[in-house]
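Okay, structure first, notes after.
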Amino acid sequence: MSDLSKAPDFLLTHPLGESHEHRLLEDLRAIVSAPSSRGVVRLYISRLQPKNRDVRGLREAESAFEALARMQAARLYRLRNSDLVVMFDINESMSIEKCVTKLLRLWGGDPLLIKFKSDPRKNRLTSWFDMAAEYGQLVQFAEQQVGIVEKPAKSLEELVTDHEARRGNRERGQPMTPLGLERAEDSLARVDLSSFTRRQPVCAFVEGNRTEVVFTEVFVSIAELRETLMPGTDFTANPWLFQRLTQTLDRRVMAQIGRRDDKSLTREGFSVNLNVATLLSEEFLEFDEDFTQGAQDAVLELRLEDVFSDLPSFMFARDFVHERGYRVCIDGVTLDTMLYADANKLNVGYVKLMWANEMAAISGTPKGHAIRDMIRERRRGRVIMARCDSEAAVRIGQQLGITLFQGRHIDALRREKY
């Protein structure tokens, strides 16, 4: 019998928790016609002693279910408090029990497991759900996690806003499917990426409000590529398929840079956004062999979600590229995830914070002061404010202690210069 009412207070906040909780709710709603075909178990990692909730322990817990996840027999969800939820094919119940037993042995010395620690169904680490009887309860829990509660009837303004949002979704197109991914990858093997490649500098402001290029990001315009390869398809709707697509793009972009068609890249220094898995691939080794002489001027940008989805792999990859002379930048950071993107603790050169309109509202407030102090503690010149499309974004970034900027406003200032 499951136990949701006694869920512990949040002791940690997992950076992937919010997105995974939304995905859990979506997947639960997708099986409404046959919930009894699935089983669900929740692992209360947050109840363990802090020393047992280190990176190694969390990684062990996640890797225990990876083989089943690769076979599509189970899906793993990380809650914000670092608890894990596993949804699995009911025929794989014995395999899930074996995985749980392995974790009971791993944490056997924790006070949580003094009793029943050898029984995968009778312990204080897990709750097992009878989906035939408790499906509604689990859906309600998932809705509470993502903040869905019953609301009063919407106003006309809210209805119009919802309509516009739905229209925007239609304009982005239908979600990409596995078959669509296969078609896109086949097309990528033949398309000339040079026409979709864009460059945007990261700059510092120097005397006289002039901009000085620190390095230039080289990236592929996903929107333009989509319109050419698969118009009417939303590449980003399924994050897992999109990540696979970006790994294919990584290989093409590395090959393009490796040819050194653009000599200015080696003179100015450049950055390229790659996946952690790419840094551990044979293709990156080949790229490195071709480009070692310019590595000291190259920055490798890694998405925050990609980093935290497999910290041990990230740390191994980071140390390897540091030895080869590359610098590392953590990309895709928001105000909410800034706490986790500590350049000092992650031992990286830069963190790229995405501009959002809410930053204007926090300027001068206690939250704004906390963000400013955090930026200053992490050393001057380590945080980049990206997507700066207005002078206001730069001004507020400077108030927060940021000295490096990227975005359309910076591009416009440099065009005016010339």
Out of 304, 404, I need the residue that is farther than 21 Å from residue 203 by Cα and either aliphatic (A, V, I, L, M) or in contact (Cβ under 8 Å) with a residue 12 or more places away in the chain (or both). Which one?
304
Just give me the residues in the range 100-145 being out of contact with any helix residue (DSSP H, G or I) (no Cβ under 7 Å at 6 or more places or on another chain), in a helix (DSSP H, G or I) and surrounded by 16 or more Cβ atoms within 10 Å (Cβ to Cβ), in sequence order.
100, 101, 134, 141
For the range 67-80 the number of residues that are at pLDDT 80 or above and not hydrophobic (A, V, I, L, M, F, W, C) is 4
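Considering every residue within the range 89-97, establish whether at least one is part of a loop (DSSP other than H, G, I, E, B), in the same structural domain as residue 36 (by TED's automatic domain parsing), farther than 30 Å from residue 147 by Cα and in contact with a Lys or Arg (Cβ under 9 Å, 6 or more places away or on another chain). Steps first, please.
Narrowing the range 89-97 to residues part of a loop (DSSP other than H, G, I, E, B): none.
No, there is no match, as no residue in the range 89-97 is part of a loop (DSSP other than H, G, I, E, B), in the same structural domain as residue 36 (by TED's automatic domain parsing), farther than 30 Å from residue 147 by Cα and in contact with a Lys or Arg (Cβ under 9 Å, 6 or more places away or on another chain).
For residue 28, indicate whether it is more than 26 Å from residue 110 (Cα to Cα) and surrounded by 15 or more Cβ atoms within 10 Å (Cβ to Cβ). Before you say what the answer is, go through the steps one by one.
Numbers: more than 26 Å from residue 110 (Cα to Cα): yes; surrounded by 15 or more Cβ atoms within 10 Å (Cβ to Cβ): yes.
Against the criterion (more than 26 Å from residue 110 (Cα to Cα) and surrounded by 15 or more Cβ atoms within 10 Å (Cβ to Cβ)), residue 28 qualifies.
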Mind telling me which of the residues 408, 395 ends up being touching an Asp or Glu at 6+ places or on another chain (Cβ under 6 Å), under 13 Å from residue 355 (Cβ atoms) and surrounded by fewer than 18 Cβ atoms within 10 Å (Cβ to Cβ)?
408
Check the range 232-245 and report whether any residue there is assigned to a strand (DSSP E or B) and in contact with a Gly (Cβ under 7 Å, 6 or more places away or on another chain).
yes
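The values are calculated or read from the model by the stated rules, or taken from the named source; none is laboratory data. Computed from a prediction, not measured in an experiment: that's the story for all the values here. Cβ: placed from backbone, ideal geometry, glycine included. Neighbour counts: every protein chain shown.
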